[in-house]
Amino acid sequence: MIIGNKTMKSFIAILIMAAVMISGSIDARAAKGAKYVFFFIGDGMGIPQRTAAEQFTGKKLLIDTMPAQGITTTYANDRFITGSAASATALASGQKTNINYIGVDPNFKAVKTVAEMAKEQGKKVGIVSSVSIDHATPAAFYAHVKTRKMYHEIDCALANSGFDFFGGGGLKDPAGKKSKKPLGDALKMAKDNGYRIINNKRDFMALKPGDGKVLAWNEWLQDGKAMPYVMDMTDKDITLPEFTGKAIEMLDNDKGFFLMVEGGKIDWACHANDATASLINTRSFDDSVKVAMDFYKKHPDETLIIVTGDHECGGLTLGFAGTKYSSNFKLLNAQKTSFQKFSDEIIKKFKADNGANASFNAMKPIITANFGLKFEGDAKADPLVLAPYEVEMVKASFDRSMRGDKEGSKDSETYLLYGEYEPLTVSLTHILNNKAGLAWTSYKHTGVPVSTSAIGVGSEAFNGYYDNTDVAKKVMSAMGIAPRVYAAK
């Protein structure tokens, strides 16, 4: 049978209409664009971290139950193993760039971020992070500087961003004390631009919609102006899920919003090879996503949630030669404090109390109380009992710590043992992690791909295998913006 051109066109039109009817609401939602966009980034959260967190908690992470699941490459423009600045710039703008560059291409030309695009659409914008709010990942969504180390310039960019909500850690150089060309007091700029500055939980939790723009940080900033590790927090601390929930409350409006939330201390714990601190922070990060998911359930046809990592950190392996095919992640529960608190507070106090008379025997009960590792008992019956060679490892690191060996030793052998961290602390986390069936290959990032998850408007685009630059472009598409790199003003 011969079909004329007119008949063929009608036939094609019918097929297209049928396809639209089949896909239905998905196509309609995507064409309209996501009104509410959540962009979650687990810094240093690779596939091993997600899997280990599941085994540690005994239940599947919420992020791993999302309908769209993809694998994402992370390499930078000038190095295979990326850094947070280059990777966050790729995730925020779709632009592949060099190590340490923030919001600019390899030629230092500023590129527009999806957060800035959302602001241009009339959406409210929020940025939340468990590390300093001017750290590489959050900065890549609102700043455009030659290096992530330009904290003062980043702080000033924050103050002048026009974004509506900043929360989490503090600012590292608002007054410009470390800048060659200070631009003024960034906190004063923020106040002059209408930001309400809050640094305690009581005032933070009392915030209500209509209170205006917010710059808030946790009262206790444990290290590097960052929030404390979750396992070290008290009731006075604001958790990442609480920051996420308050951001939603403050940003929600008729035109929609864009919210980026970073679990930054997942990465910091992995740098130090502290699995327990990292996995507990990963669980808190997942709880933050749950807050967004609760919002999604009320607005399923208008919301997109994306969850990814900027890179893996530490070379975490789910298996160890000493445990062969066995794993016992529950042993990690024996650790009661993070490496940071143990180094900064407990070892420091031990040295102050004992001075030159500090003995290994006096340290033993402190180790047991904080890491669960035991110096007496049957090692075959109790895996937390240290073997003789493990006791020697701990004793050697204790001696180094008591001598005051400085971090970042240039000695390659010492670096392989302890990295740039407090010797005794790293020795203890390594031994406990190994007993649980975990091991580490690095104190830095690695080049393995990460997983990306999504649910909501346009989420089906996040299935498959793609680069981190594609994540930004897929977000743009879901927001109704042509997916490409845009120059920033």
(Q) With viscosity set to 0.692 mPa s at 37 °C, what whole-number translational diffusion coefficient in µm²/s follows for the stretch 54-107 from Stokes-Einstein and a Kirkwood radius over Cα pairs? (A) 257 µm²/s
Q. Mean projection of the alpha-carbon convex hull of the chain over all orientations, in nm²?
A. 28.5 nm²
Q. HN-Hα J couplings of the stretch 219-232 from phi, Karplus 6.51/-1.76/1.60, θ = phi - 60°, integer Hz, Gly and Pro as x?
A. 4, 9, 9, 5, 7, x, 6, 9, 4, x, 4, 4, 5, 9
Q. Rg to Rh ratio, the stretch 83-146, alpha-carbon atoms and Kirkwood radius?
A. 0.96
Q) Whose amide H sits under 5 Å from the amide H of Tyr421, counting only residues 5 or more places off or on another chain, with H placed in the peptide plane? A) Gly408
Q: Return the aspartates and glutamates within reach of Lys201: Cα separation strictly under 18 angstrom, same-chain partners fewer than 8 residues apart disregarded; answer none if there are no such residues.
A: Asp211, Glu219, Asp232, Asp235, Asp237, Glu242, Glu249
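Please find the FRET efficiency linking Asp301 to Thr73, where r is the Cβ-Cβ separation and R0 is fixed at 30 Å, and quote it to the nearest 0.05. It would help to have the intermediate numbers written out before the result.
Numbers: r = 31 Å, r/R0 = 1.04.
The calculated FRET efficiency here is 0.45.
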Q. To the nearest 10 degrees, how steep is helix 240-251 against the longest Cα principal axis of the chain, on a 0 to 90 scale?
A. 30 degrees
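Ranked highest first by the average count of other Cβ atoms within 10 Å around their residues, in what order do 386-396, 115-125, 165-175, 321-331 fall?
Values: 386-396: 15.0, 115-125: 20.6, 165-175: 23.8, 321-331: 13.2.
With the highest mean Cβ count within 10 Å placed first, the list reads 165-175, 115-125, 386-396, 321-331.
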Q) To the nearest 20 debye, what is the magnitude of the charge dipole of the stretch 203-345 about its Cα centre, counting +1 on the Cβ of each Lys and Arg and -1 on the Cβ of each Asp and Glu? A) 400 debye
Q.
Can you find, among Gly210, Trp220, Ile238, the residue sitting farthest towards the positive end of the charge dipole of the stretch 184-250, where Lys and Arg contribute +1 and Asp and Glu -1 at Cβ?
A. Gly210
(Q) Roughly how far apart, in whole Å, are the Cα centres of the stretch 145-162 and the stretch 103-120? (A) 13 Å
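What fraction of the DSSP beta bridges in the chain is antiparallel, stated in percent and rounded to the nearest 5?
Values: 17 of 54 bridges.
Antiparallel bridges make up about 30 percent of those DSSP assigns within the chain.
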Q) Of Leu432, Ser412, Ala387, which is farthest on the positive side of the dipole of the stretch 304-460, counting Cα position, with +1 on Lys and Arg Cβ, -1 on Asp and Glu Cβ, and the Cα centre as origin? A) Ala387
Q | Rounded tilt (10° steps) of 84-93 against the dominant C-alpha axis of the chain | A | 10 degrees
Q. How large is ³J(HN,Hα), in whole Hz, for each residue of the stretch 384-389 in order, when computed from phi with the Karplus curve 6.51 cos²θ - 1.76 cosθ + 1.60 and θ = phi - 60°, using x for Gly and Pro?
A. 7, 6, 6, 6, x, 5
Q | Tail weight of P(r) past 18 Å, computed on alpha-carbon pairs of the stretch 265-387, percent | A | 67 percent
Q) Which value, in debye to the nearest 20, gives the size of the charge dipole of the stretch 253-411 about its Cα centre, when Lys and Arg are +1 and Asp and Glu are -1 at the Cβ? A) 480 debye
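Quote the relative contact order of the stretch 290-437 in percent (integer), defining contacts as alpha-carbon pairs under 8 Å separated by 6+ residues.
Worked out over the stretch 290-437, it gives 31 percent.
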**Q.** D (Stokes-Einstein, µm²/s), Kirkwood Cα radius, the stretch 364-489, 1.002 mPa s at 20 °C
**A.** 114 µm²/s
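Given Cβ point charges of +1 (Lys, Arg) and -1 (Asp, Glu) and nothing else, what value in debye, to the nearest 20, does the dipole of the chain about its Cα centre take? Write out the running numbers ahead of the final one.
Values: 60 positive and 54 negative charges, 205 e Å.
That gives a dipole near 980 debye.
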(Q) If I take R0 = 22 Å and measure r between the Cβ atoms of Lys181 and Asn107 in this structure, what FRET efficiency does the formula 1/(1 + (r/R0)^6) give, to the nearest 0.05? (A) 0.50
Q. Counting pairs of alpha carbon atoms under 8 Å apart in space and at least six apart in sequence, what relative contact order in percent does the chain give?
A. 27 percent
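Take each of the peptides 221-232, 346-357, 243-254, average the number of other beta-carbon atoms within 10 Å over its residues, and list them starting from the highest. Kindly include the intermediate steps, with their values, before the conclusion.
Details: 221-232: 21.4, 346-357: 12.4, 243-254: 19.5.
Highest mean packing first, the order is 221-232, 243-254, 346-357.
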Q) Considering the dipole of the chain built from charges on the beta carbon (Lys and Arg +1, Asp and Glu -1) around the Cα centre, which of Tyr75, Gly447, Asn354 is farthest to its positive end? A) Tyr75
Q: Sorted from largest down, give the three principal axis spans of the alpha carbons of the stretch 51-189, whole angstrom values.
A: 49, 32, 31
Q: Using a 10 Å cut-off on Cβ atoms, rank the peptides 205-215, 332-342, 95-105 from the highest mean neighbour count down.
A: 95-105, 332-342, 205-215
Q: Could you state the accessible area per residue of the chain in Å², with a 1.4 Å probe and every protein chain left in place?
A: 43 Å²
Q. Long-range amide H contacts for Lys374: which residues qualify at under 5 Å (H placed 1.01 Å from N, peptide plane, sequence gap of 5 or more or a different chain)?
A. Val385, Leu386
Q. Using the Karplus equation 6.51 cos²θ - 1.76 cosθ + 1.60 (θ = phi - 60°), what ³J(HN,Hα) coupling, rounded to whole Hz, does each residue of the stretch 317-324 give in order, writing x for Gly and Pro?
A. 10, 9, x, 8, 4, x, 10, 6
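Hey, what does the equivalent ellipsoid look like for the stretch 334-436, semi-axes from the Cα gyration tensor as sqrt of 5 times each eigenvalue, largest first, whole Å?
Details: eigenvalues 88, 54, 32 Å².
In descending order the semi-axes read 21, 16, 13 Å.
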Q. Roughly how tilted is helix 468-478, in degrees to the nearest 10 and between 0 and 90, from the longest Cα axis of the chain?
A. 40 degrees
Q) Once both labels are modelled 7 Å past Cα along the beta-carbon direction, what's the Asn199-Ala487 spacing in nm? A) 4.1 nm
Q | Built amide H within the under 5 Å cut-off of Val125, gap 5+ | A | Asp164, Phe165, Phe258
Q. Given the rule -39500 (n - 2.57) for each run of at least 4 DSSP H residues, summed and divided by the residues of the chain, what is its mean residue ellipticity at 222 nm, to the nearest 500 deg cm²/dmol?
A. -11500 deg cm²/dmol
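The values are calculated or read from the model by the stated rules, or taken from the named source; none is laboratory data. All values derive from a computational prediction rather than experimental measurement. With ideal geometry, Cβ positions are generated from the backbone for all residues, glycine too; neighbour counts draw on all protein chains shown. Protein only, heavy atoms only, side chains kept; ligands, DNA and RNA dropped before computing areas. Shrake-Rupley method; radii C 1.70, N 1.55, O 1.52, S 1.80 Å.
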